[in-house]
Every structure is written in structure tokens, then in C-alpha cells.
There are 2 protein chains.
Amino acid sequence: MPDDLAPAIAGFETKLDRLAALAVRVGLNLREGQEVVMTASTETLPLVRRIVAEAYKAGATLVTPILHDDAVALARYRHATDDAAFDVAPAWLFEGIAGAFRAGAARLAVVGEDPMLLAGENPDRVARANRARSKAYRPALELITNFAINWNLVPASTPGWARQVFPGLPEEEAVARLWDAIFAACRVDGPDPVAEWAAHNRTLHARTEFLNGKNYRELRYRGPGTELTIGLANGHLWAGGAEAAKNGITCNPNIPTEEVFTTPHAGRVDGVVRSTKPLAYQGTLIEDIAVRFEGGRIVDARASRGEDVWRKVLDTDEGAARLGEVALVPHSSPISRTGLLFRNTLFDENAASHIAIGQAYLTCLRDSAGASPDELTRRGANTSLIHIDWMIGSGEMDVDGVTQGGEVEALMRAGEFVGGA
Amino acid sequence: MPDDLAPAIAGFETKLDRLAALAVRVGLNLREGQEVVMTASTETLPLVRRIVAEAYKAGATLVTPILHDDAVALARYRHATDDAAFDVAPAWLFEGIAGAFRAGAARLAVVGEDPMLLAGENPDRVARANRARSKAYRPALELITNFAINWNLVPASTPGWARQVFPGLPEEEAVARLWDAIFAACRVDGPDPVAEWAAHNRTLHARTEFLNGKNYRELRYRGPGTELTIGLANGHLWAGGAEAAKNGITCNPNIPTEEVFTTPHAGRVDGVVRSTKPLAYQGTLIEDIAVRFEGGRIVDARASRGEDVWRKVLDTDEGAARLGEVALVPHSSPISRTGLLFRNTLFDENAASHIAIGQAYLTCLRDSAGASPDELTRRGANTSLIHIDWMIGSGEMDVDGVTQGGEVEALMRAGEFVGGA
């Protein structure tokens with residue numbers, strides 16, 4: 001895509017450069033002398049090359065992109081002669097990556113996956129390959145989820161993803177439109193995204209501080225089809241925006257990010273709630289979810305589309321029908337304003353206030369490191385094999401915070417924060 | 001490149017498919033249930049994807065391409081802020097690859113490097129990066145050079161490489177012409193390259209058996225500017241074509257391959273020899289090499305171009321001015337017939353009879369495994385940090401073999417094998 005626009009309007013190449021600089025300077029907050037291990041699709045090479053250049057400019061010693069390729073991934077499903085192949089994963093590669101992390105490398109992942117890539121393949125094979133991969137990847141993933149290192153996810157438009165976001169458009173136009181949406185959502189439309197992200201992080205941190213100061217007992221949601229009370233876990237902590245990794249580097253793991261989030265009390269959720277955006281789940285769209293909670297548990301579940309899949313998900317285990325996360329996002333967030341369903345968690349979970357069924361984040365609980373599983377459960381932290389976010393926010397949603405003393409305070413009105421948040 | 005030719009003439013796509021099948025079936029001779037680790041440039045993805053598909057069809061459990069990218073490699077030289085960066089290599093990746101080899105994976109490398117990629121960069125940085133990389137890569141390389149696993153190198157045309165082979169042509173045409181040359185050199189022009197390679201391997205094996213049966217004391221070369229006697233090492237062994245790796249799999253490490261080669265006696269080379277093709281050495285062309293040997297050592301060295309570089313190479317260490325390999329290639333080989341200088345060892349060393357200064361191959365000596373370094377030296381095996389092949393064969397070269405009893409037998413005439421070879 002040539003950069004042929006008037007200089008006053010930043011062109012494609014400029015925005016791509018800004019996104020790359022943002023990923024390195026804000027996303028990773030790369031330290032001089034750090035090594036970087038990247039993962040990315042071959043289709044995202046134009047962004048990958050810019051990120052590599054930016055990382056070296058920021059003082060990286062070595063940047064190693066590990067590139068994956070859709071055609072290579074599909075070839076296995078199309079041509080493998082032995083079903084046992086699907087129980088094999090490149091453990092040697094993931095162990096190597098984990099080793100690089102342990103030796104101090106930062107991790108940057110370019111996100112541009114086609115959400116439907118494997119939708120036509122044998123589901124048993126897909127499930128087995130995922131299982132083998134998850135198992136082999138665990139040592140590296142644990143260093144990421146435990147926040148041992150600074151890491152960042154940054155998006156890139158690809159034909160496969162763009163096709164799902166703009167199903168009606170010709171490929172080239174869809175890819176360009178998705179880039180535009182990404183640039184808007186990542187706040188790189190302006191001339192100085194690094195400064196803009198500093199301000200954005202300040203906003204998110206002020207919000208988490210406000211909410212942590214309030215220490216609400218519960219949140220009350222009101223909107224079309226929604227009349228819901230969500231108790232918050234005892235000693236819950238709100239998080240959002242840049243965070244300090246255990247290697248001492250404060251980074252922005254997600255670009256974009258709009259949410260502030262915490263741990264609900266898995267036993268104190270009551271009322272009805274309706275989804276405000278479709279949930280893209282493993283190739284299926286689940287629409288118009290409506291559920292009723294009693295004592296924290298979903299006791300009635302409906303959907304206008306994909307209801308069977310939705311009920312199956314809720315049956316995964318005991319914790320699958322209870323909440324593990326609650327997140328607040330203003331309706332005016334740049335992602336929300338695109339009006340798009342991205343079918344990608346990095347975007348969709350930042351488009352609207354949402355809740356997640358399943359596993360809770362222990363980082364959103366005070367002093368969780370020393371606590372026993374029983375203690376954590378008693379405080380309200382849910383456990384499950386799954387963690388699935390779904391959107392309940394909209395321009396018609398009001399949220400109140402209820403203090404430990406029982407006072408009711410307006411927190412969001414018509415989808416926007418009010419008062420001190 | 002669309003495959004729009006008449007069906008009678010195999011088109012580009014068909015030949016690419018054949019080359020992929022050849023690399024997997026003949027090059028690796030892949031075993032069912034084997035994993036494959038590939039290395040390749042991002043520019044060679046069309047061939048990489050076909051090789052992946054062929055490998056799965058042949059029973060591979062998992063094929064993992066590790067893709068490198070010229071722009072990523074250059075970014076480090078252009079943008080790294082700290083010189084210390086050039087002492088860092090991705091040891092974690094190479095250790096992972098070595099681990100995969102030890103666990104039974106085959107190794108396939110797609111070769112398409114731009115021989116001039118780093119020609120414009122700081123030579124000190126290039127040298128340091130190479131050193132760091134070589135050190136980190138050693139565990140994996142040893143498994144390859146010790147032939148612990150089945151492995152294969154297969155070529156692919158890339159813009160950077162094609163530019164060096166066809167400096168006068170527009171890029172697209174140069175790439176297409178290099179592909180044509182590759183297809184011809186790799187014998188995939190015909191309808192059944194796998195059968196053709198079986199026949200080719202039989203020819204090479206018959207030739208090594210003949211030469212091993214003869215056990216010549218020395219070879220005598222006559223041609224324009226050449227009057228050279230090369231003594232062969234005591235207990236030398238000729239090799240060429242498919243070979244059995246230590247994992248029991250017989251593979252063709254090099255595609256293409258035309259040579260039969262053995263170990264000369266580093267102390268018994270006398271006379272003069274002139275190169276018949278330019279030597280591409282680290283971005284420099286060395287032309288019209290003419291040297292005189294006395295008692296195995298080069299005592300006079302000239303070149304019409306690059307003489308300084310050439311003399312420096314010969315000064316590397318004591319073994320650098322002595323021979324470590326002698327190889328015979330018929331002048332009518334497909335690579336020779338292209339008339340091209342590929343600036344790539346995989347091709348150029350198979351274009352003509354050649355000799356190499358520097359380190360000898362111990363695999364070309366009987367019972368070398370148990371022998372002491374002194375014993376190997378006494379038998380004639382050279383040692384050096386370098387191993388550089390240069391072409392001395394042509395359509396005007398005659399070669400005689402001299403038996404242990406002193407009989408002189410015609411071995412090559414006008415560049416072609418005669419008699420039983």
C-alpha cells in the first residue's frame with residue numbers, strides 16, 4: 001500500500017511505523033541490551049520487519065522472529081497420513097523459547113490469526129493438536145501468565161482475519177479497512193502515540209486506584225434485558241493498563257487495551273443479563289445470550305443462535321457456569337466506536353464492559369500468592385478449565401457501585417464512567 | 001508464475017512440486033513417523049509450503065519451518081545501537097534444533113541466500129556475528145556433519161541470489177532464469193525425477209566403487225596452464241551420491257550433486273594448476289587463480305583479480321596452503337552445461353572437477369574413527385580452519401590415475417570419464 005496521501009494526513013506506512021514503535025517502546029518498554037523473541041504470521045512481515053528495526057533502535061541485542069504460516073498449518077490437516085501426528089508438538093522449539101525468556105528475553109506476539117482457519121478441519125484432530133501444543137507450550141506460557149517477563153501482543157491485519165471482520169468486501173479492501181480499525185483502536189492515528197499511551201495509562205491507573213479505594217462490595221447493572229448484581233471477591237484488586245513485570249519492567253501486555261478488571265465473587269451473582277455483542281467461540285457465533293444467575297451460578301441460559309454450544313460450554317465443569325472476571329470499558333472507547341465485531345479477544349474484550357465465565361485471575365486478588373486454594377475459594381475466586389469473555393456493555397448500560405457500608409454510588413451512566421472514575 | 005504452458009512441457013508449478021517431492025523422497029528419504037525441522041528464507045515460501053505438504057504425504061508427524069528473513073538480518077546491522085549485540089546468537093533456538101535432531105528429526109535446509117547480502121556491512125560486525133552464530137550452532141551442526149541424521153540441502157531461486165547470477169537482467173526475469181537453471185541442475189526437468197535420481201545415484205556409486213577398487217596412488221592432471229600431480233591419502237576412500245546416515249537412513253544430503261570426492265595426501269602434490277571458473281569468496285570474486293605446489297604446499301600463488309584476498313586466505317594457517325579434498329565431476333554435468341557461475345558452493349562445486357585447500361574429510365579415509373591425529377596426518381589428511389573449493393576442471397582437462405604399482409591409466413579425457421569410471 002503506497003503512502004500517497006497528503007502529508008497532513010498520516011499515511012499507511014507512517015502508521016505502521018508508529019504501531020511498531022508503540023509495540024517496542026510502550027508495549028514491551030524494551031530495555032537496552034534485552035533480547036526479543038517474536039512470534040508472528042508470515043502475512044504480517046511488513047509489520048514484523050518494522051518492529052525488528054525499532055527494537056534494535058531501542059537497544060535490543062538480538063531479535064528473533066519465529067514465523068508461522070497458515071498454509072503450513074493447514075498442510076498437516078490436509079496431508080498427514082498418520083493420525084498420531086496430531087499428538088506431536090514442537091516441544092523443542094517451545095522449550096527453547098522458554099529458555100530465552102528465562103535468560104531475560106522479552107516476548108512480542110503479532111496477532112493476526114484467521115479465527116476460522118481450522119473451522120473446516122476434523123475437530124478431533126484440531127482438539128488433539130491443540131492439546132499437544134498447549135502441553136508443550138506450558139513452560140513458556142507460564143513465564144508469560146506469571147508475568148515473569150515484559151511481553152506484548154500487537155495486532156496486524158491479515159487477509160484471513162479481515163475476511164471474517166468484513167465478510168462482504170473484496171480481500172484487499174477488507175485488509176485495508178481492518179488496518180484502519182487497528183490504527184484507530186491502537187491510538188496511532190495521532191502524531192505521538194507514545195505520549196497518547198502515557199496519558200491513556202494514566203487514565204486507566206487513576207480508574208483502578210479510584211475503584212481500589214472504593215473497595216465496592218458489589219456492582220449493579222441495569223440495561224435492556226439486564227438487571228444484575230455482581231458481588232466482588234473479598235480483597236479484590238482492580239487492574240488495567242501498564243503493569244510491572246517481575247523482571248522489573250513496566251509494560252503494556254495488550255495493545256489495544258481499554259478495560260479495568262477484577263475478580264467477582266463466584267458465589268454472589270444474582271439476576272439476569274443479556275449479551276450486547278455476539279460471542280465468537282471456536283468458529284461458532286453465539287448471539288443474544290440471556291442468562292439468569294442465582295447465588296453465583298447460571299441457572300437458566302438461552303441464546304438466539306448457538307444455544308446448544310453455549311449450554312455445552314457452561315457444562316464444561318462446576319466453575320464454567322460461574323463468573324471469573326468482571327471488566328468495565330467505556331462505551332466511547334475507540335474499539336467500541338469502530339462498531340465492528342473483530343472475532344478476536346484482544347479487540348472484542350476491549351470493546352465493551354464484559355464478564356467472563358470460568359477461571360479467575362489471581363493477580364486481581366490481594367495477597368493471593370500465599371493463600372491456599374480453599375482460602376481463595378472462600379474469598380470468591382472461581383476455578384475452571386475455561387475462561388470466556390462476553391460483552392454486556394452498551395450505550396444503554398448503567399452501573400452502580402455498592403460500598404461495604406451499603407451506599408449505592410453511580411459508576412457508569414449510559415455506558416460512560418461518572419463521578420471520580 | 002502461472003503454469004500456462006502446454007501440458008507436454010512441464011510448467012513452473014509442476015517442476016516446483018517435483019523439486020519438493022525430490023527433496024523429501026530422495027534428499028531426506030523421509031521415514032514414516034519422522035519429524036522434520038526445516039530452515040528457509042521467507043522468500044522461498046512457495047517451495048517451503050510444497051515441501052511441507054510432501055513431507056506430510058510421506059508420513060511426517062510434524063514439519064517445522066524456521067524462517068529467516070533478509071530484511072530482519074540487515075536490520076541488526078543498520079539499527080543496532082550497541083556493538084556488543086554482534087556477539088549474541090540465538091543459542092536457545094539452535095539448542096532446540098539440536099534437541100529435535102537428537103530426538104530423531106530430519107533436517108532440510110532450503111538454500112537461496114544472496115551471496116552479497118552482508119557485503120556492504122561493517123566487516124568486523126559480520127565476522128563477530130558469524131563467530132557467535134557458529135559457536136551457538138555447533139551442537140546442531142555436529143549432528144549434521146557427523147551424519148547422525150538424514151539431512152538435505154535443496155535450492156530455491158530468490159531475488160538476491162538471482163541478481164548475482166544474472167546481474168544484467170531485470171529481477172523477475174533473473175529469478176525465473178535461476179529457477180530454470182535450478183530445475184535443470186536438479187534433474188527435475190523430466191517426468192520422473194525420483195527414478196532419474198535413483199539412476200544418477202547408481203552411476204555415482206559405480207564410480208566410487210571403481211575408484212575405490214583401483215586405489216590409485218596419485219592423479220595426474222593436464223590442461224591449459226595445468227600440469228599437476230595429486231597424491232592420494234593412504235587408505236583414501238571415494239564417496240559420492242546417496243549415503244547412509246548413522247540413523248540408518250540412506251539420503252542425498254546435496255541436491256544437486258555430481259561429484260565423487262576423496263582425501264588427497266597433503267604432502268604429495270606437485271606442479272602447476274590454473275582455475276577454470278572464478279571463485280566467489282565472501283563477496284569477492286577471485287579470478288584466474290594460478291598456483292605452484294611443491295611437496296604438497298602452495299609455494300607460488302597468483303590471480304588476475306583478488307590476488308591479495310587469495311594470498312591472505314592461503315596464509316590463514318599451515319594447512320590453508322595444502323589440499324584437503326579432490327573431486328571429479330564430468331564436464332557434461334547438468335550444472336556445467338548451464339555455463340553459469342552460481343556463487344553458491346552447492347552448485348559451483350558440482351559444476352566442474354575441483355580441489356579444496358584446507359581441512360580434509362575424515363569420512364573419506366578408511367578406519368579414521370579410531371586413528372590418532374598423528375596417524376591421520378601421516379596418512380596424508382590435512383588440517384586447517386578453512387575448507388575452500390575451487391574449480392580446475394574443463395572440457396580440455398585430462399586426468400590419469402596412477403596405480404600403487406606405477407601403471408598410468410586414463411581416467412578422464414576432455415573432461416569426461418573414460419574406461420570403467
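Things to note:
- Applying the Karplus relation 6.51 cos²θ - 1.76 cosθ + 1.60 with θ = phi - 60° to the stretch B:154-160 yields 3J(HN,Hα) values of 9, x, 9, 6, 9, x, x Hz, where x marks Gly and Pro.
- Per-residue average of Cβ from other chains inside 10 Å of A:90-103: 5
- 3J(HN,Hα) along the stretch B:276-282, derived from phi through the Karplus expression 6.51 cos²θ - 1.76 cosθ + 1.60 where θ = phi - 60°, amounts to 10, 9, x, 9, 8, 10, 6 Hz, with x in place of Gly and Pro.
- Residues in chain B average 40 Å² of solvent-accessible surface per residue, probe 1.4 Å, ligands and nucleic acids excluded.
- Rel. contact order, % - alpha carbon contacts under 8 angstrom, at least six apart, the stretch B:206-417: 24 percent
- Taking the Cα centre of chain B as origin and assigning +1 to Lys and Arg Cβ atoms and -1 to Asp and Glu Cβ atoms, the resulting dipole is close to 700 debye.
- In plain terms, the chain from B:ASP300 to B:GLU243 could stretch by 16.8 nm, reckoned as 0.36 nm per residue minus the Cα-Cα distance.
- Using a probe of 1.4 Å, the accessible surface attributed to B:THR377 totals some 80 Å² when neighbouring protein chains are kept in position.
- Carbon-plus-sulfur accessible fraction, chain A (probe radius 1.4 Å, protein heavy atoms only): 50%.
- Overall form of the stretch A:162-257 per C-alpha gyration tensor (a/c, 1.5; a/b vs b/c): oblate
- Residue-averaged beta-carbon neighbours from other chains (10 angstrom radius) around A:295-307: 0
- Proximity of backbone amide H atoms, modeled 1.01 Å from N, is registered between A:ARG305 and A:GLU287 at under 5 Å, excluding neighbours fewer than 5 places apart on the same chain.
- Top positive-direction residue, dipole computed over chain A with Cβ charges, set A:THR44, A:ILE255, A:LEU211: A:LEU211
- Calculated FRET efficiency for the pair B:ALA84/B:LYS135, C-beta based, R₀ 22 Å, to 0.05: 0.90
- For A:LYS277, the accessible surface of its heavy atoms amounts to roughly 40 Å² (probe 1.4 Å, protein chains only, rounded to the nearest 10).
- Copies compared at A:PRO224 - label distances in nm, ascending, label defined 7 Å from Cα in the Cβ direction: 8.8
- Taking the Cα centre of the stretch B:216-297 as origin and assigning +1 to Lys and Arg Cβ atoms and -1 to Asp and Glu Cβ atoms, the resulting dipole is close to 180 debye.
- About its Cα centre, the protein assembly as shown has a charge dipole of approximately 1340 debye under the convention of +1 per Lys or Arg Cβ and -1 per Asp or Glu Cβ, with nothing else charged.
- At 7 Å out from Cα toward Cβ: B:PRO46 inter-copy label distances (nm, ascending): 2.0
- A dipole drawn for the stretch B:3-185 from +1 and -1 charges on Cβ atoms has a positive end, and of B:ASN146, B:GLY112, B:GLN34 the residue lying farthest that way is B:ASN146.
- Annotation for the stretch B:159-218 versus the stretch B:373-402: alpha-carbon center distance of 22 Å.
- Area buried, chain A against chain B - accessible surface, total, 1.4 angstrom probe, square angstrom: 3000 Å²
- Mean sequence separation of contacting Cα pairs (under 8 Å, at least six apart), scaled by the length of chain B, corresponds to a relative contact order of 14 percent.
- A prolate overall shape is assigned to the protein assembly as shown, the ratio a/c of its alpha-carbon gyration tensor axes (a ≥ b ≥ c) being 1.5 or greater and a/b exceeding b/c.
- Chain A, closest residue to the rotation axis toward B, by beta-carbon, whole angstrom: A:GLY96, 2
- Farthest positive-ward along the stretch B:128-264 dipole, Cα basis, beta-carbon charges - from B:GLY225, B:SER134, B:ALA181: B:SER134
- Here r is the Cβ-Cβ distance between B:ASP315 and B:VAL408 and R0 is 30 Å; the resulting FRET efficiency, rounded to 0.05, is 0.30.
- Using C-alpha pairs under 8 Å with a sequence gap of at least 6, the mean separation divided by the residue count of the stretch B:1-134 gives a relative contact order of 29 percent.
- Simple spin-label estimate for A:THR377 and A:TYR281 in nanometres, 7 Å along Cα-Cβ: 2.4 nm
- Global geometry of chain A, whether rounded, prolate or oblate, following the gyration tensor of its Cα atoms and the 1.5 cut on a/c: rounded
- Peptide B:66-78 - average C-beta neighbours from other chains (10 Å radius): 5
- Largest GNM mean-square fluctuation across A:HIS200, A:HIS265, A:HIS331, computed for chain A with C-alpha springs under 10 Å, falls on A:HIS200.
- DSSP beta bridges in the protein assembly as shown [antiparallel fraction, %, rounded to 5]: 75 percent
- Count Lys and Arg as plus one, Asp and Glu as minus one, and take only other residues whose Cβ is under 13 Å from that of A:ASP348; the net charge is then -2.
- Between B:PRO264, B:PRO65, B:PRO170, the Gaussian network model of chain B with springs among Cα atoms under 10 angstrom shows the greatest mean-square fluctuation at B:PRO170.
- Teacher prompt: A:VAL418 distances to equivalent labels in other copies, 7 Å Cα→Cβ, nm: 10.4
- Accessible surface of B:CYS251 - all protein chains present, 1.4 Å probe, nearest 10 Å²: 0 Å²
The values are calculated or read from the model by the stated rules, or taken from the named source; none is laboratory data. These figures come from a predicted structure and were not determined experimentally. Note: ideal-geometry Cβ built from the backbone for every residue, glycine included; neighbour counts use all protein chains shown. Side chains included, ligands, DNA and RNA excluded: accessible areas come from the protein's heavy atoms. Shrake-Rupley method; radii C 1.70, N 1.55, O 1.52, S 1.80 Å.
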